[in-house]
Amino acid sequence: MKKLIAMAIVLCMVLGMIPMIASAAGNYYVAGDAALCGQNWASSDENNKMVDNGNGIYTKTYSNVAAGTYSCKVTDGTWDNCWGNNGDNVKVNATTDGEITVNFNAASGSVVVT
C-alpha cells in the first residue's frame, strides 16, 4: 500500500510538471529597428515571429536587407522578458545588401545576429 501511495505521489508530481515543461518552449519575436523588422520595436509582431528549429534554437531571417547598421532584441511577446547583448540591444553592421539572420538560444538566452 505504501508503494502504491508513493507511486501516486510521484505520478502527480510528474504530471504537475508538464505545464512547466510546455511553457518553457514558447513563441519568440525579434523586435528592433523598423528598417529591419518592418515596425519600430514591436514586441509581438507576427511578421517577426521566430521559427522553432526543434532544438531550443529559434531563428528569424530577413531577406533583401539594405546595407546599414541595425539594432534588435528577442522578446517573448512582451517587454517583461527580452534578450540581447547583456541587456543591451544586439547590433549588426551589414556592409552589403542581403540577408540578416537572428539566432536565439532559449536555454542560454544568447542572441547572435549574422
Problem - Count of segment 37-59 residues which are part of a helix (DSSP H, G or I) and either aromatic (Phe, Trp, Tyr) or surrounded by 15 or more Cβ atoms within 10 Å (Cβ to Cβ) (or both) - result: 2
Completion exercise
Of the residues in segment 60-112, those that are more than 16 Å from Tyr29 (Cβ to Cβ) and outside any strand (DSSP E or B) number 9
Exercise for the section: Take Tyr28 and decide whether it is touching a Cys at 6+ places or on another chain (Cβ under 8 Å), of a type in the set (Ser, Thr, Tyr) and at pLDDT 95 or above. Expected result: no
Exercise for the section: Mind counting the residues in segment 24-36 that are out of contact with any Lys or Arg (no Cβ under 9 Å at 6 or more places or on another chain) and either of a type in the set (Val, Ile, Thr) or open to solvent by less than 20 Å² (accessible area, probe 1.4 Å) (or both)? Expected result: 1
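The values are calculated or read from the model by the stated rules, or taken from the named source; none is laboratory data. If you're wondering where the values come from, they're calculated on a predicted model, not measured in any experiment. Note that we place each Cβ from the backbone using ideal geometry, even for glycine, and neighbour counts take in every protein chain shown. Protein only, heavy atoms only, side chains kept; ligands, DNA and RNA dropped before computing areas. Shrake-Rupley method; radii C 1.70, N 1.55, O 1.52, S 1.80 Å.
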